[in-house]
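> This is the structure, below, for whatever I ask next.
The values are calculated or read from the model by the stated rules, or taken from the named source; none is laboratory data. Not measured: the values here are computed from a predicted model. FYI the Cβ positions are ideal-geometry reconstructions off the backbone, even for glycines, and counts take in every protein chain you see.
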Number of protein chains: 2
Amino acid sequence: MKNIKQYIESNKDRFLEELFGLLRIPSISSETAHKEDMYKAAEYWKQSILNAGADKAQIMETDGNPVTFGEKIIDPKLPTVLVYAHMDVMPVDPIDLWKSPPFEPEIREGKIYARGADDDKGQGFMHAKAFEYMVKTNQLPCNVKFIIEGEEEIGSPNLRKFMEAHKDLLKADVILVSDTGMIAPDIPSITTGLRGLSYMEVELTGPNKDLHSGLFGGAVANPANVLTKLLASLTDDDGKITVKGFYDDVIDVSIEERTEMAKAPFNESEYKKALDVDELCGEKGYSTNERTGIRPSLDINGIWGGYTGEGAKTVIPSKAYAKISMRLVPNQNNVKISRLFEEHFKAIAPNTVKVKVTALHGGQGYVSPIDIPAYQAAEKAYTDVFGKKPVPVRSGGSIPIISTFENVLGIKSILMGFGLESNAIHSPNENNPLEMFYKGIETIPLFYKYYTELMKK
Amino acid sequence: MKNIKQYIESNKDRFLEELFGLLRIPSISSETAHKEDMYKAAEYWKQSILNAGADKAQIMETDGNPVTFGEKIIDPKLPTVLVYAHMDVMPVDPIDLWKSPPFEPEIREGKIYARGADDDKGQGFMHAKAFEYMVKTNQLPCNVKFIIEGEEEIGSPNLRKFMEAHKDLLKADVILVSDTGMIAPDIPSITTGLRGLSYMEVELTGPNKDLHSGLFGGAVANPANVLTKLLASLTDDDGKITVKGFYDDVIDVSIEERTEMAKAPFNESEYKKALDVDELCGEKGYSTNERTGIRPSLDINGIWGGYTGEGAKTVIPSKAYAKISMRLVPNQNNVKISRLFEEHFKAIAPNTVKVKVTALHGGQGYVSPIDIPAYQAAEKAYTDVFGKKPVPVRSGGSIPIISTFENVLGIKSILMGFGLESNAIHSPNENNPLEMFYKGIETIPLFYKYYTELMKK
């Protein structure tokens, strides 16, 4: 593609100003108070796509938050790329750890700091700008569609139904997604596998009111004590998950494939240093990358109960809660796992407490082949920009909608991620290096070029 | 004593109005934001004691919250009773479970509802009004001193030093305290034993920032997961506490004494019904009353970490916390237990997390003899008012300062409590039946009468 670097250089201040406008919208999908912000974000995306050169763009309702759809069809006989991104972001707690307010983007030391700077406003917006470049310079080689959803961070509960109702509208040859990461700025990689997710909440009720721990302590089950025992029992000393039937559908990855994967660069001491931990841990018999890439996991994402303020309060809480998520590997069905979890948790709970288990959200895992034109086009695009052939990697994260796209629309996705581990997505001080933002915009048009060429053969 | 019932009847509206004034002050000692309220409460108590007829009353500084001291010395040769109460109250969380605001006292169905209605403003204020009656009707038979402190709910961290500095001022023959309960309105009881307390806070740090549970889940220790394992291990399947050395100083109560205690009325099915639990639990081999009265216990009073808001957030928290308290029996030293806990907890923590352990507060247990004049005077006073001889009981609660009084001042305490289990102290909707408030005021002057008579013999 001609002059892409120059185009970025001439327009970079405007690109940033436009991205900042999107980042300023607190579109937190898990908090109902932000419902209106979802519409603001949808409208912002609609205008961005139109301004970039789409034939049309519109906000479409779902049973939940709205979706922005847009397209530019230059020739129905040419291939069509469907770009997927999400406009919603994670909550910002713990807010006091942010160095600058999460919805007031600012640049410090060459990085954009804001909630969504990477996930997925920053990465999604690269596509708007790459598309603008191709349209404005008359270099768009194929048709493009955009679907920007507003519920990815809560598991896309309404997008399957939307897809089913709009199969024709969403028809495409490949789905292009930038919502994953690369190993390092100088080690490009393409995610070829994603884990699935089953996210649960449990509520334990002991006595019907908070009790004085002196008067009742020792004689009545404390739901917080019971909760720790139940949660502690969900993993064993080997780091295996004890939920009955949990591993039934896990397919072991072959030694050959594990040997291949082990070639990806990984420096354990740097990894530990970056996290400031003295020791790593996980399932016995697997390496760190295998533990996140090809093996399931179980994490307590939140736990609370009783008095959590300053000082001491001698109380036996009436209730105690936890949010627990399990990352799943391909072939594990998240609906089945959620059911197994609920059955198991209720079975192990003692009669001294009442138990409520709720499945909050979930999704299937995904594996992408590396021998299809779309993967090869992505590989060439990265190689051109980063000077190195990208490594195919299995990521521990989940984008549940990716497997749904394949199931409902029959379309494979290519995960062209540009995020770095240090971008702190889902955490305080989420950020995105300016360099990666611009390199993403530079890489994407090359994908279109190579993909169209390969499809024409 | 003459005309006490009539005196209460004629003044009951004023008594309540005066108590409500005290209840309206949000004197929460564990929250530094309420520092000024502690001074308001101290001033309110000073005026109350003076108005009731004290020779003098004053606010005295400590290294923490102030103390109100007052006295009326009618004859140095007569016995002196030191009344102890506390002006501070517990926090009010969870605030949304209160039917009326905690610091806007109101009467519903014959009960006063407010934080502190029982513990210990309601019970403490009975002494002010009983004292007023004796002074105004010229029936005060002995000398009276008042010490009202402002840090009982946080373990009276500064009162020992205050006592040591003011031994002469606090000199007395007996300490009279109303900060405990009775078995039921028709089953009077006097608390003869209190458990000690060791209250700890633990902080676990895993990675140096919150992490995405997909990208890192399974490979890095989640401090919330680790915390549940550590806390779960602190008690075993028999309900015994596993902290190394914990039971070393516990003196087993004799079978004879346990047989005597077992005669106290107790209805397990009503107890369970009142708490709405299907099953009780606790240390194997002991009854419910023994579990709270003569055996130590360990409770998680608060636990928190990660995302606790609405919906789902896929985060591995950087930190997880818990507040844990252990109720101790006489002869267990709370300082030693806090140290054993810290050593044990650090020893069992894996290298994958960093651990911080803080002792928040604590106190010794206490046993009161039943063959001293003060106990016998209290017994007679209850018998007159309630028509039944009170049962001596060991309570599970802790008033750490009681053992300190004995150690520093060499004075025994009599725990003339009038609280009921249904008063919900430390919980939402704390209350105190009007009937018990008036009966307390009626009982206290009789204690003074009988005590002075017995001491003269």
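> How many residues does region B:164-173 contain that are buried (at least 16 other Cβ atoms within 10 Å of the Cβ) and either within 19 Å of the chain's Cα centre (by Cα) or among the charged types (D, E, K, R) (or both)?
1
> Kindly list the number of the only condition in (1) surrounded by fewer than 20 Cβ atoms within 10 Å (Cβ to Cβ); (2) closer than 22 Å to A:SER178 by Cα; (3) of a type in the set (Val, Ile, Thr) that fails for A:ILE112.
(1)
> Give me the residue from region B:190-218 that is of a type in the set (Ser, Thr, Tyr) and within 30 Å of B:GLY282 (Cα to Cα) and, out of that set, nearest to the other protein chains (Cβ to nearest Cβ).
B:TYR199
> Something else about it: Anything in region B:111-166 that is of a type in the set (Asp, Glu) and either closer than 19 Å to B:SER10 by Cα or within 14 Å of chain A (Cβ to nearest Cβ) (or both)? List them, or say none.
Once the filter is applied, which keeps residues that are of a type in the set (Asp, Glu) and either closer than 19 Å to B:SER10 by Cα or within 14 Å of chain A (Cβ to nearest Cβ) (or both), region B:111-166 yields B:ASP118, B:ASP119, B:ASP120, B:GLU132, B:GLU151, B:GLU152, B:GLU153.
> Could you say whether any residue in region B:296-303 is more than 24 Å from the chain's Cα centre (by Cα) and within 10 Å of another protein chain (Cβ to nearest Cβ)?
No, region B:296-303 contains no residue that is more than 24 Å from the chain's Cα centre (by Cα) and within 10 Å of another protein chain (Cβ to nearest Cβ).
> Checking A:GLY306 against (1) at negative phi; (2) more than 22 Å from the chain's Cα centre (by Cα); (3) within 9 Å of another protein chain (Cβ to nearest Cβ); (4) not acidic (Asp, Glu), which single condition isn't satisfied?
(1)
> On to the next question. Determine, yes or no, whether B:ALA232 is outside the structural domain of B:ALA424 (by TED's automatic domain parsing) and in contact with a Cys (Cβ under 8 Å, 6 or more places away or on another chain).
no
> Name, by its number, the condition in (1) of a type in the set (Asp, Glu); (2) without any contact (Cβ under 8 Å) to a residue 12 or more places away in the chain; (3) over 24 Å from B:ASN432 (Cβ atoms) that does not hold for B:GLU109.
The number of the failed condition is (3).
> Okay, moving on. For B:ILE324, state whether it is at the interface with chain A (Cβ under 9 Å from one of its Cβ atoms) and aliphatic (A, V, I, L, M).
So B:ILE324 fails the test.
Results for (1) outside the structural domain of B:ARG115 (by TED's automatic domain parsing); (2) modelled with pLDDT of 95 or more; (3) of a type in the set (A, V, I, L, M); (4) within 24 Å of the chain's Cα centre (by Cα), shown as yes or no for each residue.
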| position | (1), (2), (3), (4) |
| --- | --- |
| B:GLU342 | yes, yes, no, no |
| B:THR352 | yes, yes, no, no |
| B:PRO373 | no, yes, no, no |
| B:ILE399 | no, no, yes, yes |
| B:SER413 | no, yes, no, yes |
| B:ASN432 | no, yes, no, yes |
| B:ILE444 | no, yes, yes, yes |
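> Oh, and also: Need the failing condition index for A:ASP179 against (1) assigned to a strand (DSSP E or B); (2) surrounded by 22 or more Cβ atoms within 10 Å (Cβ to Cβ), just the number.
(1)
> Considering only region B:251-281, state which residues are of a type outside the set (D, E, K, R), at pLDDT 95 or above and surrounded by fewer than 16 Cβ atoms within 10 Å (Cβ to Cβ).
B:SER269
> Restrict the check to region B:328-339 and report whether at least one residue is in contact with a strand residue (DSSP E or B) (Cβ under 8 Å, 6 or more places away or on another chain) and facing chain A (nearest Cβ under 7 Å).
Looking for residues that are in contact with a strand residue (DSSP E or B) (Cβ under 8 Å, 6 or more places away or on another chain) and facing chain A (nearest Cβ under 7 Å), one finds none in region B:328-339, hence no.
> Assigned to a loop (DSSP other than H, G, I, E, B), at negative phi, in the same structural domain as A:SER413 (by TED's automatic domain parsing) and in contact with a strand residue (DSSP E or B) (Cβ under 7 Å, 6 or more places away or on another chain) - does that describe any residue in region A:29-48?
Within region A:29-48, not a single residue is assigned to a loop (DSSP other than H, G, I, E, B), at negative phi, in the same structural domain as A:SER413 (by TED's automatic domain parsing) and in contact with a strand residue (DSSP E or B) (Cβ under 7 Å, 6 or more places away or on another chain).
> Among the candidates B:PHE103, B:PHE131, B:PHE125, B:PHE146, which residue alone is within 28 Å of B:ASP299 (Cβ to Cβ), in contact with a helix residue (DSSP H, G or I) (Cβ under 8 Å, 6 or more places away or on another chain) and of a type in the set (Phe, Trp, Tyr)?
Just one listed residue meets the conditions, B:PHE103.
> Report every pair of residues separated by at least 6 positions or lying on different chains whose Cβ atoms are under 7 Å apart, first residue within region B:201-223 and within 20 Å of A:GLY196 (Cβ to Cβ), second of a type in the set (Asp, Glu) and assigned to a loop (DSSP other than H, G, I, E, B).
From region B:201-223, the pairs are B:GLY218/A:GLU283.
> If you don't mind, another one. When B:ARG115 is evaluated against the numbered criteria (1) more than 23 Å from B:ALA52 (Cβ to Cβ); (2) touching a strand residue (DSSP E or B) at 6+ places or on another chain (Cβ under 9 Å); (3) not in a loop (DSSP other than H, G, I, E, B), which criterion, by number, is the only one it fails?
Of everything listed in (1) more than 23 Å from B:ALA52 (Cβ to Cβ); (2) touching a strand residue (DSSP E or B) at 6+ places or on another chain (Cβ under 9 Å); (3) not in a loop (DSSP other than H, G, I, E, B), B:ARG115 misses just condition (3).
> Can you find a residue that is within 14 Å of chain B (Cβ to nearest Cβ) and under 23 Å from the mean Cα position of the chain (by Cα) anywhere in region A:66-77?
Checking region A:66-77: not a single residue is within 14 Å of chain B (Cβ to nearest Cβ) and under 23 Å from the mean Cα position of the chain (by Cα).
> While we're looking at this one, here's another question. Against the condition touching a residue at least 24 places away in the same chain (Cβ under 8 Å), in the same structural domain as B:ASP88 (by TED's automatic domain parsing) and out of contact with any Leu (no Cβ under 7 Å at 6 or more places or on another chain), how does B:PRO157 come out, does it pass?
For B:PRO157, the condition - touching a residue at least 24 places away in the same chain (Cβ under 8 Å), in the same structural domain as B:ASP88 (by TED's automatic domain parsing) and out of contact with any Leu (no Cβ under 7 Å at 6 or more places or on another chain) - is met.
> Do you know which of the residues in region A:92-110 that are within 14 Å of chain B (Cβ to nearest Cβ) and not in a loop (DSSP other than H, G, I, E, B) is nearest to A:SER403 (Cα to Cα)?
Filtering first and then ranking leaves A:ILE95.
> In the same structural domain as B:GLY155 (by TED's automatic domain parsing), among the hydrophobic types (A, V, I, L, M, F, W, C) and more than 25 Å from B:GLU290 (Cβ to Cβ): does that describe B:ALA347?
No.
> Going through region B:319-359 one residue at a time, which ones are crowded, with 24+ Cβ neighbours inside 10 Å, in contact with a Lys or Arg (Cβ under 7 Å, 6 or more places away or on another chain) and farther than 28 Å from B:THR192 by Cα?
Residues satisfying the conditions do not exist here.
> Inside region A:219-230, can you point out the residues that are facing chain B (nearest Cβ under 7 Å), in contact with a Leu (Cβ under 8 Å, 6 or more places away or on another chain) and either surrounded by fewer than 24 Cβ atoms within 10 Å (Cβ to Cβ) or in a loop (DSSP other than H, G, I, E, B) (or both)?
Within region A:219-230, A:ALA219, A:VAL220, A:ALA221 qualify.
> How many residues, within region A:73-91, are buried (at least 19 other Cβ atoms within 10 Å of the Cβ), of a type outside the set (Asp, Glu) and assigned to a loop (DSSP other than H, G, I, E, B)?
4
> Which residue out of B:ALA377, B:ALA381, B:ALA347 is away from every other protein chain (no Cβ under 14 Å), more than 26 Å from B:ASP120 (Cβ to Cβ) and aliphatic (A, V, I, L, M)?
B:ALA347
> Considering region B:3-62 alone, what residues qualify as being without any contact (Cβ under 8 Å) to a residue 12 or more places away in the chain, small (Gly, Ala, Ser) and within 14 Å of chain A (Cβ to nearest Cβ)?
B:ALA33
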